[in-house]
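The block underneath contains the structure these notes are about, expressed in structure tokens.
The values are calculated or read from the model by the stated rules, or taken from the named source; none is laboratory data. Model, not experiment: these values are computed from the prediction. Cβ atoms come from the backbone with ideal geometry, glycine included; neighbour counts cover every protein chain shown.
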Amino acid sequence: MDIQKLRTAWKEEESQAHIHGWDFSHISGRYEEAGRLPWDYREIVQSHRRDDMCLLDIATGGGEFLLSLGHPYKNTAATEGYPPNVALCQKTLSPLGIDLREMADAEKMPFDDAQFDLVIDRHGAYCISELWRVLKPGGLFITQQVGEDNDRELVELLLPGTPKPFPGLNLREQAELFVRAGFEIIKGDEHFQPIRFYDVGALVWFARIIEWEFPGFSVDACFDRLLEAQGILEEQGAIEGRVHRYMLVARRPEDG
């Protein structure tokens, strides 16, 4: 193990840790999420979507998933809060006539009351009271979320003792909150599956990109922990953690 060469390589990965949309192609082949989710988010959305619905996609990222739905642009709205993605969506979504709004705070949604028939959200923050407000009676909220225990083994490896960034994000607690707010739960599921890294440099890039899970991470600050990760890799062939996801479909009742 040439420590100086490792440091140089990891610092290079750190310097390249930038992302547009939600594109992880930079570490393609150097990591994998083993297995598949037991549900298909796109299929669930499409099973409830109709062209005449007014649809909102929260935290649309680069808009790739939203565009894949083929929903009429005149009936489509989207929010995004990450400045590079906002700029990207202004070039790709706005010219199509999609109502794009920059939104950094899920508790202040820039839309009218009872505006949407369907609100979808894959991995973006949401506020239950605001969802109730912007949904029409009978409207649906469909979400797939990153759970509170996502990547925890990797976080503990690099930054031991780091608090969970989003405690309470799990199916049981969130379903209870929706029911308490008056929603009906139509469907819910939760799943854990392995995530494996075959290159510590890929893990460095990943940790810098997912900065809310790895707060304060840097090669210099965590170098000893990265060397430990390198030892695990050489001994076991991979560095493994777990992905945590949950899914909910909730309806605002017709008389709500």
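Within segment 55-91, the set of residues being assigned to a loop (DSSP other than H, G, I, E, B) and of a type outside the set (A, V, I, L, M, F, W, C) comprises THR60, GLY61, GLY62, GLY63, GLY70, HIS71, PRO72, GLY81, TYR82.
Exactly one residue out of GLU211, GLU234 is more than 25 Å from LEU131 (Cβ to Cβ) and modelled with pLDDT under 95: that is GLU211. Here GLY237 meets the list (1) in contact with a Lys or Arg (Cβ under 8 Å, 6 or more places away or on another chain); (2) free of Cβ contacts under 8 Å to residues at least 40 places away in the same chain; (3) of a type in the set (Gly, Ala, Ser) almost entirely, failing just condition (1).
If I filter segment 223-256 down to residues being of a type in the set (D, E, K, R) and assigned to a strand (DSSP E or B), which single residue comes out as farthest from the chain's Cα centre (by Cα)? My answer is ARG251. Note on segment 151-185: residues that are in contact with a strand residue (DSSP E or B) (Cβ under 6 Å, 6 or more places away or on another chain) and either more than 30 Å from VAL200 (Cβ to Cβ) or loosely packed, with under 13 Cβ neighbours inside 10 Å (or both) total 6. Would you confirm, using the coordinates I've provided, whether ASP220 is surrounded by fewer than 16 Cβ atoms within 10 Å (Cβ to Cβ), touching a strand residue (DSSP E or B) at 6+ places or on another chain (Cβ under 9 Å) and assigned to a loop (DSSP other than H, G, I, E, B)? It is false that ASP220 is surrounded by fewer than 16 Cβ atoms within 10 Å (Cβ to Cβ), touching a strand residue (DSSP E or B) at 6+ places or on another chain (Cβ under 9 Å) and assigned to a loop (DSSP other than H, G, I, E, B).
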